[in-house]
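Colleague: Let me begin by handing over the structure; questions about it come next.
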Amino acid sequence: MGQPRLNLSKVRCLLADRDVFTRGLIAQMLRGFGMGTIQMASNGEQLRELVTKECPDVCLIEAALPDIEASELIAWIRKQPEPLRFVPIIVLSGYTQLRLVTAARDAGANLVIRKPASAQMLFDRLAWVANSRRPFIENDNFLGPDRRFRKGPPAKAKSRRKTDVTGEPA
Amino acid sequence: MKQLLHFPRTRLSEGARAFGGVTREEAIKGALDQMESMRGDADLVIEKSIATLEQIAAAPQDGGFFSPGQLSAMLARCDQIVTLAGTFGYRALDAATCCLCDLLEGLRQSGLKDIASIRVHVRTMRLLAPGAPPLAAGHQNRVLAELTKILAHHGFARASDMADKAGIAS
């Protein structure tokens, strides 16, 4: 059996980053992966417009755009009707934006990647998001992929759930 | 509290099962080929950003120190340089720029006004920029070690340490 393959030729990606050169760089990587369509936004307003109009299949969003933080945009996307609300969202954090990533994760991001993202890392993360069967959790306070996705028992914490004892995922 | 679990099928996850596509090896090779074509432009962007940092560092606007706007402008330039230097393998420049980011963030939070330290970092970045006469590895390490001493002197935290604690992919 050959190596696993990923076919992104029909996938539409929305990429939002404030810096035009960084957008170009990441877009080149995505083209190298065979991504079908890449649309780009430089701020939150453009992103909202494109999200509503184009209904992308995956979003890559910088942790802080000039006019808004990614966490606010993610919370907004998660409130949209299906299928948009379930769109996979990867947050790209610049070195100075690392303080914002917890908020992005709690707003419902699928993954956070620290820039600079190497081609290897970006491909592996996209493949992971594509292949993972993480459930989406919806309750009064949160809509997003289950944040408890690491297999194994919690580290140095008292187990509170039945499933923690066996280390099986909840 | 009511909680719902969804297992949405996305076009990205369909791509993982679709016929065709690329293997990891092919995707990464494709991406690296695409990115390499941007190296010359990236060097120019780095050069321009260092020149901007030098201009700002030479002219503090706010009573002998940098205004909040100047600090933000410096952080934005640094973020761009970290992304490009990391992507194209300029490790020493990447490390020096990360140090400057931590210094700027620390000064902003603490209210300290240490112009000299900022200028030393910017000069170091010029020394390590692409196209500058190469420094021997031993010299590079010594210079970078001196920069980290400045951070330690002020007791400022490193954003990379925080990211590691938060388990952010890099």
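The values are calculated or read from the model by the stated rules, or taken from the named source; none is laboratory data. Everything quoted here is computed from the prediction, not taken from an experiment. So basically every Cβ, Gly included, is an ideal-geometry build from the backbone, and we count neighbours across all protein chains shown. Side chains included, ligands, DNA and RNA excluded: accessible areas come from the protein's heavy atoms. Shrake-Rupley method; radii C 1.70, N 1.55, O 1.52, S 1.80 Å.
Colleague: Criterion first (surrounded by fewer than 16 Cβ atoms within 10 Å (Cβ to Cβ) and facing another protein chain (nearest Cβ under 10 Å)) does B:PHE88 satisfy it?
Modeller: Values: surrounded by fewer than 16 Cβ atoms within 10 Å (Cβ to Cβ): no; facing another protein chain (nearest Cβ under 10 Å): yes.
So B:PHE88 fails the test.
Colleague: Can you tell me which residue among A:LEU8, A:LEU65, A:LEU30, A:LEU92 is in contact with a Gly (Cβ under 8 Å, 6 or more places away or on another chain), within 30 Å of B:CYS78 (Cβ to Cβ) and crowded, with 19+ Cβ neighbours inside 10 Å? Give the steps one after another, and end with the answer.
Modeller: Details: A:LEU8 fails: within 30 Å of B:CYS78 (Cβ to Cβ); A:LEU30 fails: in contact with a Gly (Cβ under 8 Å, 6 or more places away or on another chain); A:LEU92 fails: in contact with a Gly (Cβ under 8 Å, 6 or more places away or on another chain).
Of A:LEU8, A:LEU65, A:LEU30, A:LEU92, the one residue that is in contact with a Gly (Cβ under 8 Å, 6 or more places away or on another chain), within 30 Å of B:CYS78 (Cβ to Cβ) and crowded, with 19+ Cβ neighbours inside 10 Å is A:LEU65.
Colleague: Starting from the stretch A:1-23, keep only residues that are in contact (Cβ under 8 Å) with a residue 40 or more places away in the chain, then list their pairs with residues that are crowded, with 24+ Cβ neighbours inside 10 Å and of a type in the set (Phe, Trp, Tyr) whose Cβ atoms are within a distance under 9 Å, requiring at least 6 positions of separation or different chains.
Modeller: Between residues of the stretch A:1-23 that are in contact (Cβ under 8 Å) with a residue 40 or more places away in the chain and residues that are crowded, with 24+ Cβ neighbours inside 10 Å and of a type in the set (Phe, Trp, Tyr), the close pairs are A:LEU6/A:PHE33; A:LEU6/A:PHE123; A:LEU8/A:PHE33.
Colleague: Right, here's the next one. Can you find even one residue in the stretch A:66-75 that is modelled with pLDDT under 95, within 11 Å of another protein chain (Cβ to nearest Cβ) and in contact with a strand residue (DSSP E or B) (Cβ under 6 Å, 6 or more places away or on another chain)?
Modeller: no
Colleague: Follow-up. What number of residues within the stretch A:11-23 satisfy the criterion of being more than 7 Å from chain B (Cβ to nearest Cβ) and either over 19 Å from the mean Cα position of the chain (by Cα) or open to solvent by less than 10 Å² (accessible area, probe 1.4 Å) (or both)?
Modeller: To start, the set of residues in the stretch A:11-23 that are more than 7 Å from chain B (Cβ to nearest Cβ) comprises A:12-18, A:20, A:23.
The next check asks that each one be either over 19 Å from the mean Cα position of the chain (by Cα) or open to solvent by less than 10 Å² (accessible area, probe 1.4 Å) (or both); those that pass are A:13-17, A:20.
Of the residues in that region, 6 qualify.
Colleague: Can you tell me which residue in the stretch B:104-117 is most open to solvent (accessible area, probe 1.4 Å), limited to those that are over 13 Å from B:ASP62 (Cβ atoms) and in a helix (DSSP H, G or I)?
Modeller: Of the residues in the stretch B:104-117, the ones over 13 Å from B:ASP62 (Cβ atoms) are B:104-106, B:109-110, B:112, B:114, B:116-117.
With the extra rule that they be in a helix (DSSP H, G or I), the set shrinks to B:104-106, B:109-110, B:116-117.
Working: B:LEU104: 1, B:GLU105: 18, B:GLY106: 10, B:GLN109: 131, B:SER110: 63, B:ALA116: 66, B:SER117: 13 Å².
Looking at residues that are over 13 Å from B:ASP62 (Cβ atoms) and in a helix (DSSP H, G or I), I get B:GLN109.
Colleague: Among the numbered criteria (1) small (Gly, Ala, Ser); (2) open to solvent by 20 Å² or more (accessible area, probe 1.4 Å); (3) over 27 Å from A:MET29 (Cα atoms); (4) away from every other protein chain (no Cβ under 14 Å), which single criterion is violated by B:ALA57?
Modeller: (2)
Colleague: I would also like to ask the following. What is the number of the single condition among (1) in contact (Cβ under 8 Å) with a residue 24 or more places away in the chain; (2) at the interface with another protein chain (Cβ under 7 Å from one of its Cβ atoms); (3) open to solvent by 70 Å² or more (accessible area, probe 1.4 Å); (4) not charged (D, E, K, R) that B:GLN80 does not meet?
Modeller: (3)
Colleague: Report every pair of residues separated by at least 6 positions or lying on different chains whose Cβ atoms are under 6 Å apart, first residue within the stretch B:1-19 and facing another protein chain (nearest Cβ under 7 Å), second polar (S, T, N, Q) and in a helix (DSSP H, G or I).
Modeller: B:ALA16/A:ASN131
Colleague: Quick check on the stretch B:1-24: of everything there that is open to solvent by 70 Å² or more (accessible area, probe 1.4 Å) and under 37 Å from the mean Cα position of the chain (by Cα), which residue is modelled with the highest pLDDT? Give the steps one after another, and end with the answer.
Modeller: Within the stretch B:1-24, the subset open to solvent by 70 Å² or more (accessible area, probe 1.4 Å) is B:1-5, B:7, B:9, B:11, B:14, B:17, B:19, B:24.
Filter once more, so that each one left must be under 37 Å from the mean Cα position of the chain (by Cα): B:7, B:9, B:11, B:14, B:17, B:24.
Details: B:PHE7: 87, B:ARG9: 86, B:ARG11: 84, B:GLU14: 85, B:ARG17: 76, B:ARG24: 93.
Once the filter is applied, the top-ranked residue is B:ARG24.
Colleague: Still on this structure: How many residues does the stretch A:132-147 contain that are in contact (Cβ under 8 Å) with a residue 40 or more places away in the chain and within 7 Å of chain B (Cβ to nearest Cβ)?
Modeller: Qualifying residue count, the stretch A:132-147: 1.
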